[in-house]
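The values are calculated or read from the model by the stated rules, or taken from the named source; none is laboratory data. Not measured: the values here are computed from a predicted model. Note: ideal-geometry Cβ built from the backbone for every residue, glycine included; neighbour counts use all protein chains shown. For accessibility, only protein heavy atoms count, side chains too; no ligands or nucleic acids. Shrake-Rupley method; radii C 1.70, N 1.55, O 1.52, S 1.80 Å.
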Amino acid sequence: MDGRPRPQPHSPSASTRRRERWLVILGIVLHAVYMLSIFDIYFKSPIVHGMPPVPPRLSAPPAKRLVLLVADGLRADKFFEPDERGRYRAPFLRGVIEEKGRWGVSHARPPTESRPGHVAIIAGFYEDPSAVTKGWKANPVEFDSVFNQSRHTISYGSPDIVPIFCSSIPHSTWGSYPHEYEDFATDASFLDHWSFDQFEGLLNRSLHDVKLRQLLLQDKLVIFLHLLGCDSNGHAHRPYSSIYLNNVKVVDEIAEKMYNLMENYFNDNQTAYVFTADHGMSDKGSHGDGHPSNTDTPLVAWGAGIRSPKFLVHTEKPDDGFRFVDDHRHDMPTPQNWALEGFERVDVNQADEVEAVLANTKQILNQFLRKSEQKHSSSLYFKPFKPLVNYLAVLDQIEDLISARDYETAMKNSEELRSMALSGLHYFQTYDWFMLMTTITLGYIGWMANLILHVLQSYTTFPADLLKRTQVYPKNTSMKVYIGGCLFMGLSSIILLLEKSPLLYHAYVFMTIFLWTRIVHNLGFMKSAWRELSNLPFKYIMNLLISSVAALFILEFLVMSFFDRKLYTWCFLALGILASVYGALFVQATPAVAIYTWLTCWFLSIFTLMPAEIPENNNLVIFSGALIILIAMASRGTTTNTSSFWLYLNRANKRAPKFSKLFFAQVILIALSSIMVWLTTSHRSLHKELHPLHQLINWCIAGFSMVLPLFSPCSVLSRLTSIFLGFAPPFLLLSIGYEAVFYSAFAMVLMGWIFLESANLYCSEGSDSTCYSSLADGSVFGYDERCLQLSDFRIPLLFMILFNVAFFGTGNFASIASFEISSVYRFITIFSPFLMAALLIFKLFIPYMLVIVV
């Protein structure tokens, strides 16, 4: 017998249960409100209204019209590099680079999605990412663009892009194809031909329509063709597929046809041409993050107002310190296989504006001044941006330099002033960051402190007289604390109202004050708890410190795993050994449980060594279906084991049949899902379409299988097995490769965790007569609950490790784009961003469901 206090039976009171229900509600509201702070801190719109336009200081524009060709999803390397035969995929644009115009690499900024990319190209600024969540059909905010500043805009392309910019502009002619055309099961290059054919038809109609011809012959005409083929083919077939690479040739042919068509029709050498892309495409057929394959896009410009190629003798340039939005160095070395070292490369940010430097500087400075004025008018204590206090003197100096024909110095000073104005805009864009981040951080700390207080008050072995002392808290003192909190809320609200802050600012502050008011209310209990802790024997304090250090180490490990998922390989190699030793020596579990836990942990450790870009392998998916059935049969087989431990684990299920109809139904659904994986993929690869009957069967299997676990037996192992089988069919149908095997490995580790915890509980109850009576009557526990002890730290720590492995086991969750969009092709191939995203999120959620259930 050791001297440690043994955990006592403990049944929470009705008031504790009621308090916990309120805590759950409070937690949901708190996290929902604080999640919205992301948009106020990071995703706030940079748009400034109310400034007059500053016209460029040019006598006459060099071009009467602009042709903008945007190849959606075209990577820079696939455009510039030669194919395996040494031929370039875009021969016409290659000739333009060498003979007629300029070239470079355009750098997009995350999120590398179609809407923000086109806003940067057409409107000249980086739209806040929150606009992506507000719908693709219309602008959530108003802003100027090249289109609404033009005399007329003609545009054809995707229904998700063209209407965004043209539907609200009266001086526009535009058209888009139906959504049904965007089928990932087909070769989408025909969409690019559709856009060109529509414009060609417009020019042909103008030959017989006088009004239309007059419209085309006026100046400030913008022609925009959105070419979606590369994006759709990249998603469906990957950017290294023959279909995607052939689409590069298609957009080059369209650029050539467009050039010949325009030159033959107008024949005045006053057309400027720009060919670029909104974003690239990762190797696994996705985009959204800041990887160079997503941010680097080709840029080719030629025609009126565009300089001819400049040939270079020395191609290496020193690092000038300039960085683009994707953190690339200015004028990065050109890859040798592009064979363009002798032609000057001009890299640009996607949002560079085509204006004279001084006019551009004044326009940005006006935005800064407007932003400063808005913040000054609403701030009780305004802090100006000091570097631009004397901006008028700098402007006068630039004007004097221009008058003195010192253009080089004037250009340099203009660029420096523009840089400071951009810094000033960023200063006011982030003006409230310190207050918001402080409030949110204090709120989360307050929430954690409230949870700790609740656990200490309800589930620990503090002496009864300690709780008695803290509960006999003078009601008038308690009332004073809450009155003080309400007064503080009122004062904060008045300050926020005077500063014209958004309503959500009030919610953030109120939530934080409320949490800390509850902490102050429990100040007496915290003092008593601290005194009780300080009076504990030294060895208990050391145990607490060691446990805290171990917890901090594990938490830091989890943070590091966000940057290197391979750490989980070492983690599970170590966990396999530790868990088996713990089970064999301390818990005294059966040798089979210890060996099983060891092997399953080592099996799971393999998956974080796998590439994040999941290669397609339907054989692995089908194999995983068979593996899932074998695991389930082994789990069911434990019901025949008559040893006391297995009887303990299955005690609530002793009257259930060994192989129930429910079990057979779930096994049949898994077998059907494996067959449908093979059948659906084979048919789609042969016929380039998803068969409607296959689609219906897949939806039915996925939906029906998730309902069956509700009818499973109530013993721990039987219920877990049924849930494991219930979510297996949708996961298999959403899998394309090794992630299907991960599902089985992950489930086996979770079952091993259950085995060890059950063995631990079985041993702790072994000396209690109620344990043996529970085996006889089929109850789940000998008594309701017990007080928490220090060793229980292992459960939340293991939960967090497994929860993170559910994140990183088959990739990484930098964005939704990190997941294979081809995973949804057995359910839908017609482009539907919200349904596809929902299916991808659901696939991500399934491993979480297993962890939460366990």
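Heavy-atom accessible area for residue 852, with the other protein chains in place and a 1.4 Å probe, reaches approximately 90 Å².
Phi angles of region 670-675 translate, via the Karplus equation with coefficients 6.51, -1.76, 1.60 and θ = phi - 60°, into HN-Hα couplings of 5, 4, 5, 5, 5, 5 Hz per residue; Gly and Pro are given as x. Annotation: residue 168 carries an accessible surface of approximately 90 Å², with a 1.4 Å probe and no ligand, DNA or RNA atoms counted. Distant-in-sequence amide contacts of residue 105, defined by a placed amide H-H separation under 5 Å and a gap of 5 or more residues or a different chain, comprise 346, 347, 348. Calculate, in whole percent, how much of the Cα-Cα pair population of region 57-123 lies beyond 17 Å. Within region 57-123, distances greater than 17 Å cover 59 percent of Cα pairs.
Are there chymotrypsin sites (Phe, Trp or Tyr not before Pro) in region 485-588 that DSSP marks as loop and that have at most 16 other Cβ atoms within 10 Å, and which are they? Listed in order of number, the matching sites are 562, 563.
A simple rule links phi to the HN-Hα coupling: the Karplus curve 6.51 cos²θ - 1.76 cosθ + 1.60 with θ = phi - 60°, which for region 388-405 gives 10, 5, 10, 5, 5, 5, 5, 4, 4, 5, 5, 4, 5, 5, 5, 4, 7, 6 Hz, with x for Gly and Pro. Computed with every protein chain present, the accessible area of residue 531 is close to 120 Å² [probe 1.4 Å].
Taking amide H as placed 1.01 Å from N in the peptide plane, residue 174 has its amide H under 5 Å from the amide H of 155, each at least 5 places away in sequence or on another chain.
For residue 427, what charge total do you get from the other residues with a beta carbon under 11 Å from its beta carbon, if Lys and Arg give +1 and Asp and Glu give -1?
+4
May I ask for the distance between the Cα centers of region 43-96 and region 211-244, given as a whole number of Å? Region 43-96 and region 211-244 have Cα centres separated by 12 Å.
Across region 244-254, coupling constants 3J(HN,Hα) worked out from phi with the 6.51/-1.76/1.60 Karplus curve, θ = phi - 60°, read 5, 5, 5, 5, 4, 5, 5, 5, 5, 5, 5 Hz, and Gly and Pro carry x. For the set 83, 192, the ranking by accessible area, highest first and with no ligand, DNA or RNA atoms included, is 83, 192 under a 1.4 Å probe.
In a shell of Cβ-Cβ distance under 9 Å around residue 221, excluding residue 221 itself, what net charge do Lys and Arg (+1) and Asp and Glu (-1) give? Write out the running numbers ahead of the final one.
On the way: positive: 64, 65, 151, 220; negative: 219.
For residues surrounding residue 221, the net value is +3.
Accessible-area rank, largest first, for 210, 455: 210, 455, with all protein chains present and a 1.4 angstrom probe.
Sorting 853, 741 by solvent-accessible area of protein heavy atoms yields 853, 741, largest first, with a 1.4 Å probe.
In the context of the full set of protein chains, region 658-741 has a per residue accessible area of 43 Å² (1.4 Å probe).
Grab the Cα-Cα distance for residue 422 and residue 555, subtract it from 0.36 nm times how many residues apart they are, and report the gain in nm with one decimal.
Gain on stretching residue 422 to residue 555: 44.0 nm.
Given a cut-off of 22 Å, name the pairs among 362/386; 386/500; 78/566 whose C-alpha atoms lie farther apart than that in the structure shown. List each step's numbers first, then the result.
Working: 362/386 18 Å; 386/500 24 Å; 78/566 30 Å.
Check vs 22 Å cut-off fails for 386/500; 78/566.
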